[in-house]
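A short write-up of the structure that comes next.
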Amino acid sequence: MTETIEIERRGLMLVLSSPSGAGKTTISRSLLAEDDELAMSVSATTRAPRPGEVEGKDYYFMEPVDFNLLINRDELLEHAKVFDNYYGTPREPVERALAAGKDILFDIDWQGTQQLAQKMGDDLVSIFILPPSTQALEKRLKTRAQDSDEVVARRMSKASEEISHWAEYDYVVINDDINRCRAEVKAILQAERVRRTRRTGLLTFVEQLREGY
Ligand SMILES: Nc1ncnc2c1ncn2[C@@H]1O[C@H](COP(=O)(O)OP(=O)(O)OP(=O)(O)O)[C@@H](O)[C@H]1O
Ligand SMILES: Nc1nc2c(ncn2[C@@H]2O[C@H](COP(=O)(O)O)[C@@H](O)[C@H]2O)c(=O)[nH]1
């Protein structure tokens, strides 16, 4: 029987950004369902819950005054105003997961990604998801049927501005076919996990190899 060699490594932070409706939530759910080493960062937001959204699973929903408290106590790793609401990443769960060697998935906008990139450096791997066309994007937002016409129109009006940040990301994936898109994101995650600089156990392993073990 072949022995499986596990090399110790640091956890990584995988960020997905896109214009609203391009498919981040869909891709995230599917990755999480089949990957035990990956945990989702659950954001805090002042947005009202959509039908079916669960407190503590989809978001921590809160009043602006409570969101401000998190900012003042430095309990958010990053935060931003997106489409008239505030969103932020609670610091403690991320630090705990990274310390346990888990990888963490973030569904955040370009402002949050810029803040995390400054703070976390090489631990961050960022992917920008593009829709196949503007028409497809609008259709997805309408078919999702969870936001009012006004909200959909507002998000569409911001899509071009969001997309203008594509070149700030490590990878860009087009979500035309969901299976292919998911496979590409999975391949990026797999490759980043075996990046030499992340594998803290490699030095000892190689030294032992060279000593004849
Ligand atoms: N490749 C695809 N083809 C067709 N529909 C898709 C595809 N990917 C996602 N969708 C659908 O598009 C809608 C929007 O997807 P999703 O909610 O994942 O987007 P999002 O990027 O998370 O949006 P937001 O930023 O608003 O949270 C959903 O109804 C989803 O089922
Ligand atoms: N900077 C951050 N952006 C976030 C965070 N959580 C979500 N988001 C982004 O907000 C928009 C809208 O999300 P929705 O759930 O209301 O459709 C989307 O682009 C998310 O990526 C966060 O913690 N920080």
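Can you pull out the residues in segment 199-213 that are within 16 Å of residue 101 (Cβ to Cβ) and in a loop (DSSP other than H, G, I, E, B)?
Result: 199, 200, 201.
Taking segment 70-94 only, how many residues are closer than 16 Å to residue 120 by Cβ and among the basic types (Lys, Arg)?
Summing the residues that are closer than 16 Å to residue 120 by Cβ and among the basic types (Lys, Arg) in segment 70-94 gives 1.
Please find, within segment 79-103, the residue that is nearest to residue 6 (Cα to Cα) out of those that are of a type outside the set (Ser, Thr, Tyr) and within 16 Å of ligand 1 (Cβ to nearest atom). Steps first, please.
So in segment 79-103, the residues of a type outside the set (Ser, Thr, Tyr) come out as 79-85, 88, 90-103.
If we keep only those that are within 16 Å of ligand 1 (Cβ to nearest atom) too, we end up with 80-85, 88.
Numbers: 80: 38, 81: 41, 82: 41, 83: 43, 84: 46, 85: 43, 88: 34 Å.
Here the residue is 88.
For segment 112-150, which positions are touching an Asp or Glu at 6+ places or on another chain (Cβ under 9 Å), among the β-branched types (Val, Ile, Thr) and within 14 Å of ligand 1 (Cβ to nearest atom)?
Answer for segment 112-150, where residues must be touching an Asp or Glu at 6+ places or on another chain (Cβ under 9 Å), among the β-branched types (Val, Ile, Thr) and within 14 Å of ligand 1 (Cβ to nearest atom): 113, 127.
Can you list residue pairs whose Cβ atoms sit under 7 Å apart, with the first residue in segment 197-212 being surrounded by 11 or more Cβ atoms within 10 Å (Cβ to Cβ) and the second being among the β-branched types (Val, Ile, Thr)? Count only pairs 6 or more apart in sequence or on different chains.
199/7; 201/7; 202/7; 205/7
Under 7 Å between Cβ atoms, at least 6 apart or on separate chains: pull out the pairs that start in segment 94-109 with a residue that is more than 24 Å from residue 168 (Cα to Cα) and end on any residue that is acidic (Asp, Glu).
Listed pairs, sorted by first residue: 102/37.
Any chance segment 72-82 includes a residue that's at pLDDT below 95 and closer than 30 Å to residue 200 by Cα?
No, segment 72-82 contains no residue that is at pLDDT below 95 and closer than 30 Å to residue 200 by Cα.
State whether the residues of segment 136-147 include one that is crowded, with 19+ Cβ neighbours inside 10 Å, within 10 Å of ligand 2 (Cβ to nearest atom) and in a helix (DSSP H, G or I).
Scanning segment 136-147 turns up at least one residue that is crowded, with 19+ Cβ neighbours inside 10 Å, within 10 Å of ligand 2 (Cβ to nearest atom) and in a helix (DSSP H, G or I).
Looking at (1) touching a Ser or Thr at 6+ places or on another chain (Cβ under 8 Å); (2) part of a helix (DSSP H, G or I); (3) surrounded by 15 or more Cβ atoms within 10 Å (Cβ to Cβ); (4) not hydrophobic (A, V, I, L, M, F, W, C), which is the one condition that is false for residue 126?
(2)
Could you check how many residues of segment 17-48 are in a loop (DSSP other than H, G, I, E, B), away from ligand 1 (no atom under 13 Å from the Cβ) and touching a strand residue (DSSP E or B) at 6+ places or on another chain (Cβ under 6 Å)? Walk me through how you get there before you give the answer.
Quick first cut of segment 17-48, residues in a loop (DSSP other than H, G, I, E, B) only: 18-23, 34-37, 41-43, 46-48.
The next check asks that each one be away from ligand 1 (no atom under 13 Å from the Cβ); those that pass are 34-37, 41-42, 46, 48.
Imposing the further condition that a residue be touching a strand residue (DSSP E or B) at 6+ places or on another chain (Cβ under 6 Å) reduces the set to 37, 41, 46.
The total comes to 3.
Among (1) in contact with a helix residue (DSSP H, G or I) (Cβ under 8 Å, 6 or more places away or on another chain); (2) under 25 Å from residue 158 (Cβ atoms); (3) modelled with pLDDT under 95, where does residue 52 come up short?
Checking residue 52 against (1) in contact with a helix residue (DSSP H, G or I) (Cβ under 8 Å, 6 or more places away or on another chain); (2) under 25 Å from residue 158 (Cβ atoms); (3) modelled with pLDDT under 95, the one that fails is (1).
Which residue, of 53, 3, is free of Cβ contacts under 8 Å to residues at least 60 places away in the same chain, within 16 Å of ligand 1 (Cβ to nearest atom) and part of a loop (DSSP other than H, G, I, E, B)? Lay out the reasoning, then the answer.
Working: 3 fails: within 16 Å of ligand 1 (Cβ to nearest atom).
Being free of Cβ contacts under 8 Å to residues at least 60 places away in the same chain, within 16 Å of ligand 1 (Cβ to nearest atom) and part of a loop (DSSP other than H, G, I, E, B) holds for just one of 53, 3, which is 53.
Hey, does segment 35-46 have a residue that's more than 14 Å from the chain's Cα centre (by Cα), farther than 25 Å from residue 176 by Cβ, within 11 Å of ligand 2 (Cβ to nearest atom) and not small (Gly, Ala, Ser)?
Yes, segment 35-46 contains at least one residue that is more than 14 Å from the chain's Cα centre (by Cα), farther than 25 Å from residue 176 by Cβ, within 11 Å of ligand 2 (Cβ to nearest atom) and not small (Gly, Ala, Ser).
With the condition kept exactly as written, say whether any residue in segment 163-178 is in a helix (DSSP H, G or I), within 14 Å of ligand 2 (Cβ to nearest atom), of a type in the set (Asp, Glu) and at pLDDT 95 or above.
Kept after step one, since they are in a helix (DSSP H, G or I), are these residues of segment 163-178: 163, 166-168, 178.
The next check asks that each one be within 14 Å of ligand 2 (Cβ to nearest atom); those that pass are 163, 166, 168.
Retained after the next criterion (residues that are of a type in the set (Asp, Glu)): 168.
Pick out the ones that are also at pLDDT 95 or above and you get 168.
Yes, segment 163-178 contains at least one residue that is in a helix (DSSP H, G or I), within 14 Å of ligand 2 (Cβ to nearest atom), of a type in the set (Asp, Glu) and at pLDDT 95 or above.
In segment 65-91, what residues are surrounded by fewer than 10 Cβ atoms within 10 Å (Cβ to Cβ) and away from ligand 2 (no atom under 14 Å from the Cβ)? Break it down stepwise before answering.
From segment 65-91, those surrounded by fewer than 10 Cβ atoms within 10 Å (Cβ to Cβ) are 65, 72-74, 84; that's our starting set.
65, 72, 73, 74 - these are the residues of segment 65-91 that are surrounded by fewer than 10 Cβ atoms within 10 Å (Cβ to Cβ) and away from ligand 2 (no atom under 14 Å from the Cβ).
If you scan segment 166-211, which residues turn out to be more than 15 Å from residue 11 (Cα to Cα) and of a type in the set (Lys, Arg)? I'd like the intermediate steps shown before the answer.
From segment 166-211, those more than 15 Å from residue 11 (Cα to Cα) are 166-187, 203-211; that's our starting set.
The answer is 180, 182, 186, 210.
The values are calculated or read from the model by the stated rules, or taken from the named source; none is laboratory data. The structure presented is a predicted model; accordingly, all values stated were derived computationally and were not measured. All Cβ positions, even for glycine, are placed from backbone atoms using ideal geometry, and neighbour counts span all protein chains on display.
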